[in-house]
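S.K.: Take this structure first; my questions come after.
The values are calculated or read from the model by the stated rules, or taken from the named source; none is laboratory data. All values derive from a computational prediction rather than experimental measurement. Positions of Cβ are backbone-derived with ideal geometry, glycine not excepted, and every protein chain shown enters the neighbour counts.
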Amino acid sequence: MSDGFDAALAAVADVEGWTSEDQLRRLWDAAAVAAPGGQIVEIGSFHGRSAIVLARGARDGTAVVAIDPHAGGDRGPGEIADEPTRGERDHAAFTANLAAAGVAQQVRHVRAMSAAAHGSVTGDIDLLHVDGAHRYVPARDDIADWGARVALGGTLLIHDSFSSLGVTGAQLRLLVLSARFRYLGRTGSLAEYRREELNGSARLRNAARQLAQLPWFARNVAVKVLLTLRLRRAARLLGAEGWPY
């Protein structure tokens, strides 16, 4: 259902989430060029903001799979532990939002933890959007295990890149010196990679481009510490008006 980004943006205007408009544009653009008849997979959908944009940007015949346990945990700053009642509210909001956006039949929801969802998704992945648990181990496993399923020439998008400690740690471990993923840049904390085979010199250039993001990462960590300590004025001195995403 590719009827223009403005229409997709309007469809999620009231959908709660942490993906900014410019990041949604990057998601939509990536979905629009995903192979027709291929597969888009998202890990971590919350209320459906990004899933809706991916579905509306995808070409006809492209499968869209949203993986989220809706267990009420890992849903934002300070909300790590599972909370079933909250999870059921999230699931109801997700379902209602997809229906209101007209993509309920296009998006297949796998209500499971990402590590347990591999058996529910078959074949290669043309576009993978990782926005699941931001702690190091689950982020590492999502990038390593699901990233291994991205087809040659396919796209990997990771939210909270160079912003979250856990996600950035996983990127440094798995992607900086990777011979399989070329870093294409970021929109805020949404980083984009393309599945390629990289040789020695290309790997070094690829690593340098990613390591160049570390000052921005340090700034984001400092902002989060200041906001946690309720030092908003100090955070504004670093150019932050709110939690960095």
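S.K.: How about the range 15-24: which of its residues are over 13 Å from the mean Cα position of the chain (by Cα) and not acidic (Asp, Glu)?
M.R.: Within the range 15-24, VAL15 is the sole residue that qualifies.
S.K.: Considering only the range 211-230, state which residues are without any contact (Cβ under 8 Å) to a residue 12 or more places away in the chain and not in a helix (DSSP H, G or I).
M.R.: Kept after step one, since they are without any contact (Cβ under 8 Å) to a residue 12 or more places away in the chain, are these residues of the range 211-230: 212, 215, 218, 225, 228-230.
ALA212, LEU229, ARG230 - these are the residues of the range 211-230 that are without any contact (Cβ under 8 Å) to a residue 12 or more places away in the chain and not in a helix (DSSP H, G or I).
S.K.: If you don't mind, another one. Which of the residues that make up the range 22-66 are among the acidic types (Asp, Glu) and at pLDDT below 95?
M.R.: ASP60
S.K.: Take ALA208 and tell me if it is more than 25 Å from PHE46 (Cβ to Cβ), of a type in the set (A, V, I, L, M, F, W, C) and not in a helix (DSSP H, G or I).
M.R.: Numbers: more than 25 Å from PHE46 (Cβ to Cβ): yes; of a type in the set (A, V, I, L, M, F, W, C): yes; not in a helix (DSSP H, G or I): no.
It is false that ALA208 is more than 25 Å from PHE46 (Cβ to Cβ), of a type in the set (A, V, I, L, M, F, W, C) and not in a helix (DSSP H, G or I).
S.K.: Which one of these is under 20 Å from THR19 (Cα atoms) and over 18 Å from the mean Cα position of the chain (by Cα): LEU211, LEU190, LEU227? Lay out the reasoning, then the answer.
M.R.: Working: LEU211 fails: under 20 Å from THR19 (Cα atoms); LEU190 fails: over 18 Å from the mean Cα position of the chain (by Cα).
Going through LEU211, LEU190, LEU227 in turn, the sole match is LEU227.
S.K.: Assess whether TRP146 counts as being modelled with pLDDT under 95 and closer than 29 Å to ALA117 by Cβ. Even if it seems obvious, please write down each step before you answer.
M.R.: Values: modelled with pLDDT under 95: no; closer than 29 Å to ALA117 by Cβ: yes.
When the stated conditions are applied, TRP146 does not pass them.
S.K.: Moving to a separate point now. Evaluate the range 16-25: report whether one residue or more is over 23 Å from LEU152 (Cβ atoms), in a helix (DSSP H, G or I), touching a strand residue (DSSP E or B) at 6+ places or on another chain (Cβ under 8 Å) and of a type in the set (Lys, Arg).
M.R.: Within the range 16-25, one or more residues are over 23 Å from LEU152 (Cβ atoms), in a helix (DSSP H, G or I), touching a strand residue (DSSP E or B) at 6+ places or on another chain (Cβ under 8 Å) and of a type in the set (Lys, Arg).
S.K.: Next question, about the same structure. Can you work out which of the residues in the range 134-159 that are within 11 Å of the chain's Cα centre (by Cα), touching a residue at least 60 places away in the same chain (Cβ under 8 Å) and under 14 Å from GLU42 (Cβ atoms) is surrounded by the fewest Cβ atoms within 10 Å (Cβ to Cβ)?
M.R.: Kept after step one, since they are within 11 Å of the chain's Cα centre (by Cα), are these residues of the range 134-159: 134, 139, 142-143, 156-159.
Checking the rest, the ones that are also touching a residue at least 60 places away in the same chain (Cβ under 8 Å) come to 134, 142, 157, 159.
Keeping just the survivors that are under 14 Å from GLU42 (Cβ atoms) gives 142, 157, 159.
Details: ASP142: 23, LEU157: 25, HIS159: 26.
Of everything passing the filter in the range 134-159, ASP142 is surrounded by the fewest Cβ atoms within 10 Å (Cβ to Cβ).
S.K.: Same structure, new question: Does TYR193 satisfy the condition of being within 24 Å of HIS118 (Cβ to Cβ) and at pLDDT 95 or above? Lay out the reasoning, then the answer.
M.R.: Details: within 24 Å of HIS118 (Cβ to Cβ): yes; at pLDDT 95 or above: yes.
Spelling it out, TYR193 is indeed within 24 Å of HIS118 (Cβ to Cβ) and at pLDDT 95 or above.
S.K.: Residue under question is ASP145, and the condition is that it be out of contact with any strand residue (DSSP E or B) (no Cβ under 8 Å at 6 or more places or on another chain), under 30 Å from LEU198 (Cβ atoms) and of a type outside the set (Phe, Trp, Tyr); does it hold?
M.R.: Values: out of contact with any strand residue (DSSP E or B) (no Cβ under 8 Å at 6 or more places or on another chain): yes; under 30 Å from LEU198 (Cβ atoms): yes; of a type outside the set (Phe, Trp, Tyr): yes.
So ASP145 fits the description; yes.
S.K.: So, of the residues in the range 146-201 that are part of a helix (DSSP H, G or I) and aliphatic (A, V, I, L, M), which turns out to be farthest from ALA218 (Cα to Cα)?
M.R.: For the range 146-201, the residue satisfying everything is ALA148.
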